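The values are calculated or read from the model by the stated rules, or taken from the named source; none is laboratory data. Here the structure is a predicted model, which is why all the values come from computation and not from measurement. Glycine also receives a Cβ, built like all others from the backbone with ideal geometry; neighbour counts cover every protein chain displayed. Ligands, DNA and RNA are stripped out before the accessible areas are found, and what is left, the full protein with its side chains, is counted by its heavy atoms. Shrake-Rupley method; radii C 1.70, N 1.55, O 1.52, S 1.80 Å.
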Amino acid sequence: MEAGMDAVHGYGVSTVEYLQTHYRGAQSWFLFISFAADLRNTFFVFFPVWFHLCESVGIKLVWTAVIGDWLNLVFKWILFGERPYWWVHETSFYSNSSVPHIEQFPVTCETGPGSPSGHAMGSAGVYYVMVTSLLAILIKKQGHSGKNWCVRGALWAVFWGVQVCVCLSRVFLAAHFPHQVIAGVITGMIVAEAFSRVKWIYSASLKRYLHTTLFLLTFALGFYLLLRALGVDLLWTLEKAKRWCVRAEWVHMDTTPFASLLRNLGTLFGLGLGLHSPLYTESKPGRSAPFRLGCIIASLLLLHLFDSFKPPTHTEALFYLLSFCKSAAVPLATVGIIPYCLSGALSAHSKKLL
């Protein structure tokens, strides 16, 4: 079994080396793709746009991204996946030959296990939701016209084009092996397809949001503590990241498993708060197209400014708490605060005109 995985990892390192050698000129593109595929862009960009265009799609995006990333964390803890940038230095696979040289980049040194790829899984889930939602909207408007196959073909071509770019990016950056990004794409699509069949998320109560958030948190913590009591350290990758990353400042606390867990749970809890706040209820009736456009623009601008706030990392507990609060504020502002303030400003302007 170990020999078989060494062969798979060895092939993966050869792929990394090949991409870095022959496509060095595409380095900036791969770095951009890795940045764009990060789940933060789902919450800070895609969610505000989709929520104000079609609320059900925005809600499904958050649930798919959060549950998908939570499952990704659990899978990583179970599978104990290596990453190329540290495996190549620790394996005995190259005992009779020279160890391949693979470069590292500012986004290479993620601190969690490598399988499946979180970027590939998140990107596949999020884009699957957006493509299937667009298809449902466009085909419904067009009826059974002959253009449907062109629309389907174009959107699915975009979907697979994005996934190929994300997979190549993560392998080029030596953050993942090829089999890890492929597994990520498949599992991401499965999660998204599952949520396309779940209807209760659109009418979930605040109590259900709270219970779901607590369940996901307690399950992850319980799983971690149980295995730790059995002598299994699920944070074994932290030491490897710190040891083999060529620059210490490239090891970021926000890539640790618990940081991503609390960010995602904060987002889900914030969505529940936003959807059940009086601000959302009062600003919901009579939303016109210009009003929705105003909400999108205001949300994108405010969240861009808000994203510039980085929780301090000198105290882990404080960092995790502030990460949770910051993530909860994103959907709360998008769903409740911004529409309420915009609605109030428009009402005041209308009264002045009268």
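Details
- Computed from phi, the 3J(HN,Hα) profile of the stretch 113-127 under the Karplus parametrisation 6.51, -1.76, 1.60 (θ = phi - 60°) reads x, x, 10, x, 5, x, 5, 5, 5, x, 4, 4, x, 5, 5 Hz, with x in place of Gly and Pro.
- Zero-based 10 Å bins, Cα pair distances in the stretch 74-196, whole percents: 13, 34, 27, 15, 8, 3, 0
- Peptides ranked, highest mean first, by Cβ atoms within 10 Å: ranges 81-90, 160-169, 327-336: 327-336, 81-90, 160-169
- For the stretch 208-225, 3J(HN,Hα) per residue [Karplus equation, 6.51 cos²θ - 1.76 cosθ + 1.60, θ = phi - 60°, Hz, x = Gly/Pro]: 5, 4, 5, 5, 5, 4, 5, 5, 4, 5, 5, 5, 5, 5, x, 5, 5, 5
- Candidates 36, 136, 192: whichever shows maximal mean-square fluctuation once the chain is modelled as a Gaussian network with Cα springs under 10 Å: 136
- Applying 0.36 nm per residue to the separation of residue 94 and residue 150 and subtracting their alpha-carbon distance, the gain on full extension is 15.2 nm.
- Full extension of the segment from residue 27 to residue 214, taken as 0.36 nm per residue of separation minus the current Cα-Cα distance, would add 63.3 nm.
- A cut-off under 12 angstrom between Cβ atoms defines the neighbours of residue 333, and their net charge, with Lys, Arg +1 and Asp, Glu -1, is 0.
- Computed over the alpha carbons of the stretch 23-98, Rg followed by Dmax gives 18.5, 59 Å.
- Treating r as the C-beta distance of residue 207 and residue 41 and R0 as 35 Å, the FRET efficiency rounds to 0.70.
- Cysteines in the chain lacking a second Cys C-beta under 4.7 Å: 54, 150, 165, 167, 295, 325, 341
- At a probe radius of 1.4 angstrom, the accessible area of the stretch 270-316 per residue rounds to 60 square angstrom.
- Solvent-accessible surface ranking, highest first, for 323, 308 at 1.4 angstrom: 308, 323
- 222 nm mean residue ellipticity, helices alone, for the chain (DSSP H n ≥ 4; -39,500 (n - 2.57); rounded to 500): -23500 deg cm²/dmol
- In sequence order, calculated HN-Hα J values of the stretch 312-318 (Karplus, 6.51, -1.76, 1.60; Hz; x Gly/Pro): x, 9, 6, 10, 4, 4, 5
- Carbon + sulfur, % of accessible area of the chain - ligands and nucleic acids excluded, 1.4 Å: 68 percent
- Where the alpha-carbon atoms of the stretch 1-135 are placed on the principal axes, they occupy 59, 36, 25 Å, in descending order.
- Annotation for the stretch 217-322: chymotrypsin sites (Phe, Trp or Tyr not before Pro) lying in DSSP loop with at most 14 further Cβ atoms inside 10 Å of their Cβ are 309.
- For the residue pairs 284/310; 207/284; 147/284; 76/242, alpha carbon separations beyond 26 Å are given by 284/310; 147/284.
- For the stretch 193-264, the square roots a ≥ b ≥ c of the C-alpha gyration tensor eigenvalues yield an a/c of 1.5 or more together with a/b exceeding b/c, which makes the shape prolate.
- Cβ-placed point charges (K, R +1; D, E -1), dipole of the chain about Cα centre in debye, nearest 20: 1540 debye
- Between 157, 248, 229, the GNM of the chain built on Cα springs shorter than 10 angstrom shows 229 fluctuating the most.
- Per-pair calculated FRET efficiency, R0 = 30 Å: residue 318 and residue 243 via Cβ, rounded to 0.05: 0.70
- Remark: the chain projects, on average over all directions, an area of 21.7 nm² (convex hull of Cα atoms).
- Whole-Å distance, taken between Cα centres, linking the stretch 1-60 and the stretch 231-310: 18 Å
- Gyration tensor (alpha-carbon) shape descriptor, the stretch 156-277, a/c threshold 1.5: oblate
- Normalised per residue, the accessible area of the stretch 1-127 is 40 Å², obtained with a 1.4 Å probe and no contribution from ligands, DNA or RNA.
- The Cα-based radius of gyration and maximum Cα-Cα distance (Dmax) for the stretch 84-136 are 17.3, 56 Å.
- Comparing mean-square fluctuations of 303, 221, 275 from a GNM of the chain with C-alpha springs under 10 Å, the top value falls on 221.
- Average accessible surface area per residue within the stretch 154-244, 1.4 Å rolling probe, Å²: 51 Å²
- Using equal-weight Cα scatterers in the Debye expression, the normalised intensity of the stretch 266-344 in log10 at q = 0.18, 0.20, 0.21 Å⁻¹ is -0.74, -0.86, -0.91.
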